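Engineer: Have a look at this one before I ask anything.
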Amino acid sequence: MITASVVKELREKTGAGMMDCKKALNETGGDLTKACEYLREKGLAAAAKKSGRIAAEGIVESYIHLGGKIGVLLEVNCETDFVGRTEEFRTFVRDVAMQIAATNPQFLSKDDVPQAVLDKEKEILTAQALNEGKPEKVVEKIVVGRIEKYYAENCLLEQSFVRDTDVTINDLLKEKIAKIGENITIRRFTRYEMGEGLEKKVCYLAAEVTEMTKSL
């Protein structure tokens with residue numbers, strides 16, 4: 001049986017995505033050393049090394065959905081203009097733009113969550129756990145788990161990919177880096193929602209967004 005701790009250790013050693021690590025361990029009978037070699041041969045372990053290289057090319061993608069009700073502007077960078085023009089790269093960028101339209105992430109990564117926001121969220125989650133009657137000695141562990149869920153819902157890189165919920169956007173990014181052979185970075189994004197911030201008597205947009213994800 002492949003345990004989560006072994007998968008985590010392999011990820012830390014190679015920088016490869018979770019699903020790739022699981023596959024490598026399954027292919028090598030759970031042998032960590034052989035799994036590392038397997039990933040190197042597949043080129044996935046190299047993705048982490050490429051992540052430190054400068055990526056100043058790429059594209060700004062625009063995506064409009066729901067008849068003009070939701071719009072996304074997204075900048076994704078790569079190392080060369082050549083890669084920026086490839087269908088592989090552009091398909092990845094479009095997938096990420098659709099992800100943002102569908103899931104409305106508030107931040108790019110965990111590091112982008114302001115400390116004040118994180119502190120307030122922890123305060124709310126602590127109160128919730130205590131109100132649920134959880135013993136004080138386990139409340140801290142419960143809050144840690146729920147903060148991870150908060151990250152998974154609100155940080156783009158931590159979100160499950162809408163087309164394949166077994167992988168995160170960060171896993172998908174690493175796989176593309178390995179496959180394309182260049183560093184790729186999701187730099188920034190803005191999501192617009194028609195009427196956002198304005199009072200409405202009735203709004204069916206949330207249901208429409210849910211329906212949108214089913215068709216992706």
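Engineer: Quote the FRET efficiency, to the nearest 0.05, computed for residue 131 versus residue 87 with a Förster distance R0 of 45 Å and r equal to the Cβ-Cβ distance.
Structural biologist: In this case the efficiency is close to 0.30.
Engineer: Oh, and also: Take the Cα pairs of the chain, get the Kirkwood Rh, then feed it into Stokes-Einstein at 10 °C and 1.306 mPa s and tell me D in µm²/s.
Structural biologist: Values: Rh = 19.3 Å.
Taking Rh from Cα pairs, D becomes 82 µm²/s.
Engineer: To continue, here is another question. Applying 1/(1 + (r/R0)^6) with R0 = 22 Å to the Cβ-Cβ distance of residue 153 and residue 119, what FRET efficiency is obtained, to the nearest 0.05? Could the numbers behind the result be given before it?
Structural biologist: Details: r = 18 Å, r/R0 = 0.81.
The calculated FRET efficiency here is 0.80.
Engineer: A follow-up question, please. Given the pairs 69/122; 34/174; 149/174, which are separated by over 28 angstrom at their Cα positions?
Structural biologist: Those over the limit are 69/122.
Engineer: Projected onto the charge dipole of the stretch 1-158 (+1 at Lys/Arg Cβ, -1 at Asp/Glu Cβ, origin at the Cα centre), which of 25, 131, 152 gives the Cα projection farthest towards the positive end?
Structural biologist: Checking the options against the dipole of the stretch 1-158, the answer is 25.
Engineer: Turning to a different aspect of this structure: Do you know the relative contact order of the chain, to the nearest whole percent, from alpha carbon pairs under 8 angstrom that are 6+ apart? All intermediate terms of the calculation are to be shown ahead of the outcome.
Structural biologist: On the way: 292 pairs, mean separation 55.6, N = 216.
Relative contact order comes out at 26 percent.
Engineer: Loop only by DSSP, 12 or fewer other Cβ within 10 Å of the Cβ. Give me the GluC sites (Glu not before Pro) in the stretch 92-150 that pass, ordered by residue number.
Structural biologist: Listed in order of number, the matching sites are 132.
Engineer: Okay, moving on. Using a simple charge model, +1 on the beta-carbon of Lys and Arg, -1 on the beta-carbon of Asp and Glu, nothing else, what dipole does the chain show about its Cα centre, in debye to the nearest 20?
Structural biologist: Charge dipole of the chain: 180 debye, to the nearest 20.
Engineer: Placing +1 on the Cβ of each Lys and Arg and -1 on the Cβ of each Asp and Glu in the chain, which of 82, 62, 197 has its Cα farthest towards the positive end of the resulting dipole?
Structural biologist: Highest projection toward the positive end goes to 82.
Engineer: Check each of the trypsin sites (Lys or Arg not before Pro) in the stretch 65-172 and keep only those in coil by DSSP with at most 14 other C-beta atoms within 10 angstrom; list them in order.
Structural biologist: Hits after loop and neighbour filter: 85, 163.
Quick note: the coordinates plus some simple rules give every number you see, no bench work behind them. On a predicted model such as this, the values are computed, not experimentally measured, just so you know. Glycine gets a Cβ as well: all are built from the backbone with ideal geometry, and neighbour counts include every protein chain shown.
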